[in-house]
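Undergrad: Shown below is the structure under consideration.
The values are calculated or read from the model by the stated rules, or taken from the named source; none is laboratory data. Source: prediction; values computed, not measured. Cβ: placed from backbone, ideal geometry, glycine included. Neighbour counts: every protein chain shown. Ligands, DNA and RNA are stripped out before the accessible areas are found, and what is left, the full protein with its side chains, is counted by its heavy atoms. Shrake-Rupley method; radii C 1.70, N 1.55, O 1.52, S 1.80 Å.
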Amino acid sequence: MAENETGAEFGETQTNGADNAPAAHVLSQYVKDFSFENPNAPGVYQSQTAPAIDVQFNIGSGQVGDDVYEVVLKIDVRAQAETQVAFVVDLSYAGLFALRNIPADQLDAFLLGEAPRLLFPFARRVLADAVRDGGFPPLMLEPIDFGGIYLQQRAQQDALASTPQAGNA
C-alpha cells in the first residue's frame, strides 16, 4: 500500500491526538445584581456643582462546574454634589467561562486579569446607560488594565510572603 504525507497507509484513520491545548470560551454574560439610587431627586438637579465621583472595583471568581468558572466584576459608584448624594450605582456583572487545559499556575491570572477585561466593556455600557437613564450625563469609565493590576497585586503578595516574620525564640 502507498503512504500519504502523514506516514500512514492510505485507508487508515488518523487521530488528531490528545486535545491538550489551553482553551477559554465565554459561555454567557449577565447582570447578576444591579441597583441605581437617586436619593435626592429632584433637588439634586438644581445643583450647579459637578458631582465628585468615587468608583470602586472588586473581582471575584469561583468554580461552578467541571471546567466552568463564574467571574463577577463588581463596580460601585457614588456621586456626591456638595453635601448631597447625586446617585449611587452598585453593579455586579458576571460571566461564565469554560476553561480547559489552563495550567493551575495561570488560572488566577485568567480569572482575575483577562476575564474582567473581557467583561468590562459590557459592564461599562450598563453603567453608562443607567446613569443616563437616571437623569445625569452618561458615566464613561476609562479602560482598566486588569492584567496589570493582577500582576501588581501578585507581586505585592509575593513580597509580603518572602518577608521574614519576627517571632519568639
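Undergrad: Taking the Cβ-Cβ separation of N58 and R125 as r and a Förster radius of 22 Å, what is the calculated FRET efficiency to the nearest 0.05?
TA: Computed FRET efficiency for N58 and R125 comes out at 0.70.
Undergrad: Please give the length that would be gained between L141 and N101 if that part of the chain were fully extended, namely 0.36 nm times their separation in residues minus their C-alpha to C-alpha distance (nm, one decimal).
TA: Going from the current span to full extension adds 11.1 nm.
Undergrad: Could you order peptides 111-120, 152-161 by the average number of other Cβ atoms within 10 Å of their residues, highest first?
TA: Numbers: 111-120: 20.3, 152-161: 10.3.
So the order, starting with the most tightly packed, is 111-120, 152-161.
Undergrad: Going by alpha carbons, how many degrees (0 to 90, nearest 10) lie between the helix axis of 115-133 and the longest principal axis of the chain?
TA: Its long axis makes an angle of about 30 degrees.
Undergrad: Rounding to the nearest 20 debye, state how big the charge dipole of the chain is about its Cα centre with +1 on each Lys and Arg Cβ and -1 on each Asp and Glu Cβ.
TA: 840
Undergrad: Which order do S61, S162 take by accessible area at a 1.4 Å probe, largest first?
TA: Largest accessible area first, the list is S162, S61.
Undergrad: Give the residue from A79, A23, A94 lying farthest towards the positive end of the charge dipole for the chain; charges sit on Cβ (+1 for Lys and Arg, -1 for Asp and Glu) and the dipole is referred to the Cα centre.
TA: Working it through, the farthest residue towards the positive pole turns out to be A79.
Undergrad: Could you pull out the chymotrypsin sites (Phe, Trp or Tyr not before Pro) across region 25-64 that fall in loop regions by DSSP (anything but H, G, I, E, B) with no more than 15 other Cβ atoms inside 10 Å?
TA: Values: sites: Y30, F34, F36, Y45, F57; in loops: none.
Passing sites in region 25-64 do not exist.
Undergrad: I would also like to ask the following. Going by accessible area, probe 1.4 Å, with all protein chains left in place, what is the ranking of K74, K32, largest first?
TA: Numbers: K74 70, K32 110 Å².
Per-residue accessible area, sorted high to low, gives K32, K74.
Undergrad: If contacts are Cα pairs under 8 angstrom and at least 6 residues apart, what is the relative contact order of region 61-104 in percent?
TA: Once normalised by length, the contact order is 39 percent.
Undergrad: Here is a further query. Can you send over the carbon and sulfur percentage of the accessible area for the chain, probe radius 1.4 Å, protein chains only?
TA: Carbon-and-sulfur percentage of accessible area, whole number: 50.
Undergrad: Here's another thing I want to ask about it. Could you give the angle, 0 to 90 degrees to the nearest 10, between helix 146-162's Cα long axis and the longest principal axis of the Cα atoms of the chain?
TA: Result, in degrees: 80.
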